[in-house]
Amino acid sequence: MIQPAPAPAAGAVSWQRNLAVLWFAEFTAIFGFSFAFPFLPLYLRDLGVHDQSQLAFWSGLAGGASGFALAVTSPIWGGIADRYGRKSMLIRAMVGGGITVGLMGFARGPIDLVVLRFLQGATSGTVAAATALVATGTPRQRVGWALGILSSSIATAGAVGPALGGVISSYLNNLHILFTAGGGLLLVSTLPVLLLVQEPPFERRSANAQPALQVLRAAQPGTVIAVAVLLIAQALLQMSFSAFQPLVALRLLVHAGSDVNTITGITFGAIGLASAVAAVVYSGAARRYGYLTVSISTAVLMGLAEVTAGAVAGFAYGALQPAVSSMIGLESPAVVQARVFGLAASATALGFGLGPVLGGAAAAETSLTVGLTIAAVLALAVAILLAVRGREPAR
């Protein structure tokens with residue numbers, strides 16, 4: 001049985017205001033993450049891992065640990081959000097991420113770092129929580145645009161965070177402080193959510209509500225298959241991009257020389273800036289050509305760019321990720337959106353967990369070029385999957 005949430009006063013909840021506040025909050029949160037995480041391979045070197053093969057192995061393990069934990073916990077958090085609300089889940093994710101990221105600054109070795117990354121994945125997940133909050137409270141015809149704007153905050157923070165982190169760590173010659181400061185920024189990001197975000201009205205799931213699969217089956221024909229295809233695409237695209245990122249850092253470590261911190265930060269800043277631009281402009285192309293066409297085209301571009309030009313790969317990812325998220329939101333009935341986005345977060349996290357491990361293992365056993373080629377093949381697999389089994393959602 002579905003119980004409607006208590007209706008707020010007329011005009012009390014503004015989806016535009018919520019989007020603006022969530023943009024700022026997610027920018028702050030992702031800034032905290034990206035301030036430190038592009039430097040994981042360099043941090044592991046400071047923690048005593050110097051052999052190139054071992055560095056690739058531990059970079060993959062540390063990079064993937066949070067993804068595996070997030071893959072397990074995301075559906076659980078999504079179910080809780082459908083029952084008790086999305087705002088509380090976003091606050092939980094920011095606090096959990098802040099504590100665990102801050103503690104990484106006190107890691108004594110690679111095992112400490114991997115364990116804390118696992119705990120961070122189990123307790124955080126700000127993007128999924130914010131996405132569900134925006135998708136639920138935004139008029140259907142504006143969902144794609146709103147999620148693109150939200151993605152732009154993530155990508156912009158992903159551009160500014162590494163660049164500033166690289167300069168600061170190079171100046172202070174201390175990577176530990178990046179994690180401590182990043183955790184503090186995540187905790188600060190809870191304030192605008194607590195004080196300014198209003199939970200939009202939504203149909204609360206009662207204890208005996210219909211399972212999500214049953215609700216999807218009762219929607220328009222083919223919805224279950226359409227959502228399943230999008231979840232697989234979500235996993236593959238994240239696997240590709242998360243395999244690509246640490247390999248870029250490892251390549252810079254080999255070729256950049258003594259100023260590797262600054263160069264790594266600038267490189268990841270350029271990738272993030274390209275993603276931010278794409279996240280804003282993609283919705284215009286999606287309205288004109290369709291979400292499916294944009295997704296297939298950018299997946300091909302991403303695959304080609306991962307073995308050639310890093311910033312272009314960032315641009316492709318910046319359009320592809322919100323396009324797939326928008327299709328998931330448009331395909332899912334409102335009553336199960338948080339649960340479906342929880343599954344999407346789980347798929348994303350699984351890709352985030354497998355990607356660095358797969359890329360790191362390939363680089364450790366063969367070469368960085370082979371690892372980057374695997375990342376590119378995964379992106380091209382997204383294009384093939386969507387071309388063969390994807391469908392354009394009703395708008």
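The values are calculated or read from the model by the stated rules, or taken from the named source; none is laboratory data. Nothing here was measured: the structure is a model prediction, and the numbers come from that model. Cβ coordinates were reconstructed from backbone atoms using ideal geometry, including for glycine residues, and neighbour counts include every protein chain displayed. Each accessible area value is taken on the protein alone, full model and side chains, heavy atoms only, with ligands, DNA and RNA left out. Shrake-Rupley method; radii C 1.70, N 1.55, O 1.52, S 1.80 Å.
Dipole orientation for the chain: of the candidates ALA361, ALA157, ALA233, ALA233 has the Cα lying most toward the positive pole (charges on Cβ; Lys, Arg +1; Asp, Glu -1). Angle check, please: helix 223-255 long axis (alpha carbons) against the longest principal axis of the chain (alpha carbons), in degrees 0 to 90, nearest 10. Its long axis makes an angle of about 20 degrees. Note on the chain: GNM, Cα springs under 10 Å; of VAL101, VAL336, VAL49, the largest mean-square fluctuation is that of VAL49. In order along segment 379-384, the Karplus-derived 3J(HN,Hα) couplings, from 6.51 cos²θ - 1.76 cosθ + 1.60 at θ = phi - 60°, round to 5, 5, 5, 4, 4, 5 Hz, and Gly and Pro are given as x. Toward the positive end of the charge dipole of the chain, with +1 on the Cβ of Lys and Arg and -1 on the Cβ of Asp and Glu, the farthest Cα among VAL307, ALA345, ALA62 is that of ALA345. In summary, the convex hull built on the alpha carbon positions of segment 259-357 has an orientation-averaged projected area of 7.4 nm². A simple charge model with +1 on the Cβ of Lys and Arg, -1 on the Cβ of Asp and Glu and nothing else charged puts the dipole of segment 216-367 at about 420 debye relative to its Cα centre.
Start at zero, step by 10 Å, and the Cα-Cα distances of segment 318-395 spread as 16, 39, 30, 12, 3 percent across the bins.
Summarised as an ellipsoid, segment 110-246 has semi-axes of 34, 20, 17 Å, derived from the eigenvalues of the Cα gyration tensor scaled by 5 and square-rooted, with the largest first. Ranked by the mean number of other Cβ atoms within 10 Å per residue, highest first, peptides 66-78, 138-150 order as 66-78, 138-150.
For the chain, the per residue solvent-accessible surface stands at 39 Å², with DNA, RNA and ligands left out and a 1.4 Å probe. Here is the P(r) of segment 97-137: all C-alpha pair distances, binned every 5 Å from 0, give 5, 25, 23, 15, 11, 10, 6, 4, 1 in whole percents.
Accessible surface for TRP58 stands near 50 Å², nearest 10, in the context of the full protein assembly shown (1.4 Å probe). For segment 72-114, trypsin sites (Lys or Arg not before Pro) meeting the loop criterion (DSSP other than H, G, I, E, B) and having at most 15 other Cβ atoms within 10 Å: ARG108. The largest-to-smallest principal axis extents of the Cα set in the chain are 59, 44, 34 Å.
In the chain, a dipole from Cβ-located charges (positive for Lys and Arg, negative for Asp and Glu) runs towards its positive end, and of ILE80, ALA381, PHE33 it is ILE80 whose Cα lies farthest in that direction. This model, with +1 at the C-beta of Lys and Arg and -1 at the C-beta of Asp and Glu, gives the chain a dipole about its Cα centre of some 1040 debye. Measuring r between the beta carbons of ASP51 and VAL167 and using R0 = 30 Å, the FRET efficiency lands at 0.60. Across the protein chains, with a 1.4 Å probe defining accessible surface, the residues VAL127, VAL227 rank VAL127, VAL227 from largest area downward. Normalised by 2.2 N^0.38 Å, where N counts its residues, the alpha-carbon radius of gyration of segment 46-111 equals 1.46. With viscosity set to 1.002 mPa s at 20 °C, what whole-number translational diffusion coefficient in µm²/s follows for segment 32-186 from Stokes-Einstein and a Kirkwood radius over Cα pairs? The diffusion coefficient I find is 131 µm²/s.
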